[in-house]
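No lab work stands behind these numbers, since they all come straight from the coordinates. Computed from a predicted model, the values in this text were never measured in an experiment. Glycine also receives a Cβ, built like all others from the backbone with ideal geometry; neighbour counts cover every protein chain displayed.
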Amino acid sequence: MTKQNKHDYSISSARIGFGNDVHRLVPERKLILGGIEIPFDKGPLGHSDGDALLHAICDALLGAAALGDIGRHFPNTAPEWKDAPSIKFLRHVYTLVEAKGYDIINVDCTIEIERPRLAPFVDRMRELVAETLSVQTDRVSVKAKSGEGMGEVGRGEAVRAEAVALIAAT
Ligand code: MG
């Protein structure tokens, strides 16, 4: 169910948050980004499914609401989060942000990965994130770029993601 966000918010009720994440890419792991499985020969190493995009969005939302960070809510020592789909983290973060009395205004993100090309998958990521956060799809932006052959992203050793989120008290 999608909320219509019909409130007029005052600027003093708005909060911005930033999140980022990086995971090493290794063979024999599924590549899941934005909750969407992408055919590729490597995937992120991590305690959960290693979905760097969703982890960055979780941190951006938690940061905006001053609710700590993803490591505090989903410790990587906890057996219940081992190989967990990160969409579960995002669902939980949404309930925390909503319980604190905030609406989500928009989320903007960038994924950095050398290969594969993510363009064919970006709209499905946006739809899944928007549905999980109960907002219209046009409030979620996902951009993808390569590392231009430089650094750990450019060498295909890592996937990185950054996200900003704007929320407002209702
Ligand atoms: Mg992570």
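Which whole-number percent is the relative contact order of the chain (Cα, under 8 Å, 6+ apart)?
33 percent
Through the Karplus equation 6.51 cos²θ - 1.76 cosθ + 1.60, θ set to phi - 60°, convert the phi angles of segment 134-139 into ³J(HN,Hα) values in whole Hz; use x for Gly and Pro.
6, 10, 5, 4, 6, 9
For V26, what residues show an amide H to amide H distance below 5 Å, using hydrogens built from the backbone and excluding near sequence neighbours?
G43, L45
Whole-Hz Karplus ³J(HN,Hα) for segment 67-77, in order, using 6.51 cos²θ - 1.76 cosθ + 1.60 and θ = phi - 60°, x for Gly and Pro?
Ordered by residue, 3J(HN,Hα) equals 10, x, 9, 5, x, 6, 7, 10, x, 7, 9 Hz.
For L31, enumerate residues with amide H under 5 Å from its amide H, sequence gap 5+ or separate chain, H modeled in the peptide plane.
When sequence neighbours closer than 5 places are left aside, the close amide H contacts are I38, F40.
Taking each full run of DSSP H in the chain as one helix, which ones are at least 15 Å long along their axis (Cα atoms) and have mean Kyte-Doolittle hydropathy of at least 0.5?
Values: long enough: 52-64 (18 Å, 1.72); 87-99 (18 Å, 0.62); 119-132 (21 Å, -0.09).
Once both thresholds are applied, what remains is 52-64, 87-99.
Which of these, T137, T77, T95, has the largest mean-square fluctuation under a Gaussian network model of the chain (Cα springs below 10 Å)?
Most flexible of the set in this elastic network: T77.
Using the count of nearby Cβ atoms within 10 Å as a rough guide to exposure, how do S12, S146 rank from fewest to most? Don't jump to the answer; show the numbers that get you there.
Numbers: S12 8, S146 15.
Taking fewest neighbouring Cβ atoms as first place, the list is S12, S146.
Would you calculate, for the chain, the mean residue ellipticity at 222 nm contributed by helices, counting each DSSP H stretch of 4 or more residues as -39,500 (n - 2.57) and dividing by all residues, to the nearest 500? Numbers along the way, then the final one.
Values: 5 runs with 48 residues, N = 170.
Result for the chain: -8000 deg cm²/dmol, rounded to the nearest 500.
Distances over 20 Å make up what percent of all Cα-Cα pairs in the chain? Intermediate values should be presented prior to the final figure.
On the way: 6919 of 14365 pairs.
Summing the P(r) of the chain above 20 Å gives 48 percent of all pairs.
Which links in K42/K145; K42/K88; K30/K82 stretch past 19 Å when you go from one Cα to the other? List each step's numbers first, then the result.
Working: K42/K145 17 Å; K42/K88 22 Å; K30/K82 14 Å.
Flagged as over cut-off: K42/K88.
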